[in-house]
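One structure is given here, and the rest of the page talks about it.
Here, each number is a calculation from the coordinates, and none is a lab measurement. Everything numeric in this text was worked out from a predicted model, so none of it was measured. In this analysis, Cβ positions are derived from the backbone assuming ideal geometry, glycine residues included, and neighbour counts consider all displayed protein chains.
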Amino acid sequence: MARALTAIVTLVDRVFRSVIWLLTAAMVAIVVLQVFMRYVLNAALSWPEELTRYFMIWSGLLAAVYAHNEGQHVGIGLLLDRMGPRLRRVTQAVSHALIAALCTLIAWQGAKSLRSYGEIKSTALRIPMDFVYAAVPVSFLLLALISVKLLIKPLASTEK
């Protein structure tokens, strides 16, 4: 099970890393376009701010997923470094279990709330807002999946 979960997370990681880069590049290009239109042509566009805001939401949450999988989130290593290997594994397992549970709860509640946004459209682009808010359940479900993978890893360790 751990091998299958790792393979799924690796695939998702590669796809999301590419999506994060594409969203970031698109945000830069859109902002440059808006600056050019506003200050050079004196004809500001109505949609760039809204679109870059939605891209920022998605890229930020997807970057959190990527960082969690890579172990790049902020953590307090001082206590873990002072623990023995066995206590460290147990502490990490409990931590990942709690993170998985919380992320699952947030994903579930976020998915439930999407129903209320279905008919609301964004102001400038007129896209359904449930697409924008779907970033929360999608990213937190992936965070939960990664936490389960990270939970299994220390439990499977043979280090004494």
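List pairs: first residue in the stretch 77-94 and over 15 Å from Leu151 (Cα atoms), second residue in a helix (DSSP H, G or I) anywhere in the structure, Cβ distance under 7 angstrom, at least six positions apart or on different chains.
Leu80/Arg88; Leu80/Thr91; Met83/Thr91
Residue by residue, here is whether (1) in contact with an Asp or Glu (Cβ under 7 Å, 6 or more places away or on another chain); (2) surrounded by 15 or more Cβ atoms within 10 Å (Cβ to Cβ) holds:
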| site | (1), (2) |
| --- | --- |
| Gly77 | no, no |
| Arg82 | no, no |
| Pro85 | yes, no |
| Thr91 | no, no |
| Val94 | no, no |
| Ala100 | no, yes |
| Ser113 | no, no |
| Ala144 | no, yes |
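Within the group Val65, Val31, which residue is touching a Phe, Trp or Tyr at 6+ places or on another chain (Cβ under 7 Å) and on the phi < 0 side of the Ramachandran plot?
Only one candidate passes the filter, namely Val65.
Every residue in the stretch 116-152 that is of a type in the set (Lys, Arg) and without any contact (Cβ under 8 Å) to a residue 12 or more places away in the chain, please.
Of everything in the stretch 116-152, those that are of a type in the set (Lys, Arg) and without any contact (Cβ under 8 Å) to a residue 12 or more places away in the chain turn out to be Lys121, Arg126.
Output the residues belonging to the stretch 109-120 that are more than 17 Å from Val65 (Cβ to Cβ), out of contact with any Phe, Trp or Tyr (no Cβ under 8 Å at 6 or more places or on another chain) and not charged (D, E, K, R). Show your work before the answer.
Narrowing the stretch 109-120 to residues more than 17 Å from Val65 (Cβ to Cβ): 109, 112-120.
Still in the list and also out of contact with any Phe, Trp or Tyr (no Cβ under 8 Å at 6 or more places or on another chain): 109, 112, 115-116, 118-120.
Within the stretch 109-120, Gln109, Ser116, Gly118, Ile120 meet the criteria.
Return the only residue of Ser122, Ser116, Ser95 being closer than 25 Å to Ala7 by Cα and polar (S, T, N, Q).
It is Ser95.
Any idea how many residues of the stretch 6-43 are among the small types (Gly, Ala, Ser) and touching a Lys or Arg at 6+ places or on another chain (Cβ under 7 Å)?
Residues meeting the conditions: 0.
Among residues belonging to the stretch 20-44 that are among the hydrophobic types (A, V, I, L, M, F, W, C) and crowded, with 16+ Cβ neighbours inside 10 Å, point out the one that is nearest to Leu145 (Cα to Cα).
Ile20
Condition test on Thr10, is it in contact (Cβ under 8 Å) with a residue 60 or more places away in the chain, under 18 Å from the mean Cα position of the chain (by Cα) and more than 23 Å from Phe131 (Cα to Cα)? Please lay out each step first, then the result.
Working: in contact (Cβ under 8 Å) with a residue 60 or more places away in the chain: no; under 18 Å from the mean Cα position of the chain (by Cα): yes; more than 23 Å from Phe131 (Cα to Cα): yes.
Taking the combined requirement at face value, the residue does not satisfy it.
Has the stretch 47-66 got any residue that is among the aromatic types (Phe, Trp, Tyr), touching an Asp or Glu at 6+ places or on another chain (Cβ under 8 Å) and either surrounded by fewer than 12 Cβ atoms within 10 Å (Cβ to Cβ) or within 19 Å of Ile146 (Cβ to Cβ) (or both)? Walk me through it before giving the result.
Here is the first cut: in the stretch 47-66, the ones among the aromatic types (Phe, Trp, Tyr) are 47, 54-55, 58, 66.
With the extra rule that they be touching an Asp or Glu at 6+ places or on another chain (Cβ under 8 Å), the set shrinks to 66.
Pick out the ones that are also either surrounded by fewer than 12 Cβ atoms within 10 Å (Cβ to Cβ) or within 19 Å of Ile146 (Cβ to Cβ) (or both) and you get 66.
For the stretch 47-66, residues among the aromatic types (Phe, Trp, Tyr), touching an Asp or Glu at 6+ places or on another chain (Cβ under 8 Å) and either surrounded by fewer than 12 Cβ atoms within 10 Å (Cβ to Cβ) or within 19 Å of Ile146 (Cβ to Cβ) (or both): present.
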